[in-house]
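Undergrad: This structure is in structure tokens; I'll ask about it shortly.
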Amino acid sequence: MRRSLAVPVVAALLLLPALPGSAETIELPAPQSEQLSGVELLGTLGTPTDQLPGYILPGPVSNNELVQVTVSADGSVKQVLDDQRIRVNGSGDYFIREAGPARRAVATGDEPPVLNLGDVIWQGFSTGSRQLSAQLELDPDIESHHLPLQVRLAFTDSDGRKISLAPGARVPGQGTVTLTVSNTTEQKVLLPTAQDAPARPVAAVLDRMLAAARSAAPARLPTDRTGLPSELSVVGATARQASQQMPLQLRGTLSSITADPTPGRATPGRAIVGLETMLTGTSRFTLSVPGPGSLALDLTAVPALDADTLLPPRGAKSWSAWAAADPPIAERKAALDVLVQTAATGSRASAYSPYLGSELEGGGQTTFHYMLAATLSAGTTAAPLSPRPLSISLAVVGALVLAGLGFVLWRKS
């Protein structure tokens, strides 16, 4: 049985420069849940391994998650629901334990998972194929620190005054609404590099990455779990400081429904702006509204690779064609850095897709959907959850190691 744990990771342990006299290879960034052995770390804490996230499966598995995020106009997270669909293939027992914490689980298939101290546990028997599905309610305060996007709305009236939006994202009159969307996945890391690298092996990997970026059916971003090599032969291995981020393909709309105040004309007016971009930093979108009304946000975000960053130099039709033209050393080094940076992107994406099932190595993807909260109504809500003591302990240990190495690499525990 394979066991691993999603914990604060220490990528520098894997990415330090090669020592003099060692083999001239570099290790590519691995999925973040594998960069520090959870079992070894928990052994030092005396934690029972049967409480670790992990799985037993009779065959291949796919995991698709739709994370529905409801936010207020100021960007605060009000609700997070994860619609998870797991397809188990093969005959035999299955056991899947995912680190939540989850408040509740509502079955959308045959039966819901069991919650144990916030962990999500799927357990049963597959006769050849089994579809597991449920809607999981996550804690918005906890997830707000891990979600890959922050969104915020601001309103400026026709006189240029900034006015707060009313509850329920209602605009008070004519003016301009500005939607700010920020990618929050960036973190500073050490990445391997080298003075030179053979062009053909680098080109073969880059062609696979470019094909993944151009795919019409996006899946999990490339890592050594999905066909990338774990290491490459190079000349003069070393390391460089860089950033690690998960680009997000945004699509959707921001719209306003405005009631016409003219007597005898109750037909509402509507303003709408499309939201489509590859988000790596912060983007702003503006919407002109003709009068008072309410706003609606329908925004999806999917982890993606930007194909424009993976194009070969000098207009080559492919990286293999580039390699066949005997490229100079400066281009070979630049190509190696592009490869490593893209592998780092896949490593970072593994912290978000899959969002809960980080231990599941099969196919599938995670889609994030953001919408605006309606006016809050009276009612009871579940008691807020706190991160489990185990996760806190792991975070503390990880922070101590990070401090000793002189940099910080953040990861959802």
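Undergrad: Would you mind finding the one in Thr193, Thr185, Thr180 that is part of a loop (DSSP other than H, G, I, E, B) and under 30 Å from Ala349 (Cα atoms)?
TA: Sole residue among the options that is part of a loop (DSSP other than H, G, I, E, B) and under 30 Å from Ala349 (Cα atoms): Thr185.
Undergrad: Please count how many residues of segment 199-233 are free of Cβ contacts under 8 Å to residues at least 40 places away in the same chain and either under 22 Å from Pro327 (Cβ atoms) or assigned to a helix (DSSP H, G or I) (or both).
TA: Counting residues in segment 199-233 that are free of Cβ contacts under 8 Å to residues at least 40 places away in the same chain and either under 22 Å from Pro327 (Cβ atoms) or assigned to a helix (DSSP H, G or I) (or both) gives 3.
Undergrad: Being farther than 19 Å from Gly75 by Cβ and surrounded by fewer than 22 Cβ atoms within 10 Å (Cβ to Cβ) narrows it down to one of Arg170, Arg200, so name that one.
TA: So the residue among Arg170, Arg200 that is farther than 19 Å from Gly75 by Cβ and surrounded by fewer than 22 Cβ atoms within 10 Å (Cβ to Cβ) is Arg200.
Undergrad: Also, quick follow-up: In segment 234-254, how many are touching an Asp or Glu at 6+ places or on another chain (Cβ under 9 Å), part of a strand (DSSP E or B) and under 30 Å from Thr180 (Cβ atoms)?
TA: 9
Undergrad: I would also like to ask the following. Looking at (1) among the hydrophobic types (A, V, I, L, M, F, W, C); (2) at pLDDT below 95; (3) closer than 30 Å to Gly293 by Cβ, which is the only condition Leu179 fails?
TA: (2)
Undergrad: Looking only at segment 57-95, which residues are closer than 18 Å to Leu299 by Cα, crowded, with 17+ Cβ neighbours inside 10 Å and among the charged types (D, E, K, R)?
TA: Of everything in segment 57-95, those that are closer than 18 Å to Leu299 by Cα, crowded, with 17+ Cβ neighbours inside 10 Å and among the charged types (D, E, K, R) turn out to be Glu65, Asp82, Asp83.
Undergrad: Continuing with the same structure: Touching a helix residue (DSSP H, G or I) at 6+ places or on another chain (Cβ under 8 Å), modelled with pLDDT of 95 or more, over 30 Å from Leu153 (Cβ atoms) and among the β-branched types (Val, Ile, Thr) - does that describe any residue in segment 325-338?
TA: Checked against the condition, which is being touching a helix residue (DSSP H, G or I) at 6+ places or on another chain (Cβ under 8 Å), modelled with pLDDT of 95 or more, over 30 Å from Leu153 (Cβ atoms) and among the β-branched types (Val, Ile, Thr), segment 325-338 yields at least one hit.
Undergrad: Strands (runs of 3 or more DSSP E) wholly in segment 85-173 with at least 1 residues that are of a type in the set (D, E, K, R) and touching a Lys or Arg at 6+ places or on another chain (Cβ under 8 Å) - which ones?
TA: 119-138
Undergrad: Right, next: Looking for whichever is in contact with a strand residue (DSSP E or B) (Cβ under 7 Å, 6 or more places away or on another chain), surrounded by 21 or more Cβ atoms within 10 Å (Cβ to Cβ) and of a type outside the set (A, V, I, L, M, F, W, C) here; the options are Gly269, Gly357, Gly274, Gly346. Which one fits?
TA: Gly357 is the lone residue from the list that is in contact with a strand residue (DSSP E or B) (Cβ under 7 Å, 6 or more places away or on another chain), surrounded by 21 or more Cβ atoms within 10 Å (Cβ to Cβ) and of a type outside the set (A, V, I, L, M, F, W, C).
Undergrad: Now for a separate question. Are any residues in segment 288-342 in a helix (DSSP H, G or I) and within 26 Å of the chain's Cα centre (by Cα), and if so, which ones?
TA: Step one: filter segment 288-342 for residues in a helix (DSSP H, G or I), giving 307-310, 313-315, 319-324, 329-342.
Across segment 288-342, the qualifying residues are Ala307, Asp308, Thr309, Leu310, Ala335, Leu336, Asp337, Val338, Leu339, Val340, Gln341, Thr342.
The values are calculated or read from the model by the stated rules, or taken from the named source; none is laboratory data. Values in this document were obtained by computation on a predicted structure and should not be read as measured data. Positions of Cβ are generated from backbone atoms using ideal geometry, with glycine treated the same way; all protein chains shown enter the neighbour counts.
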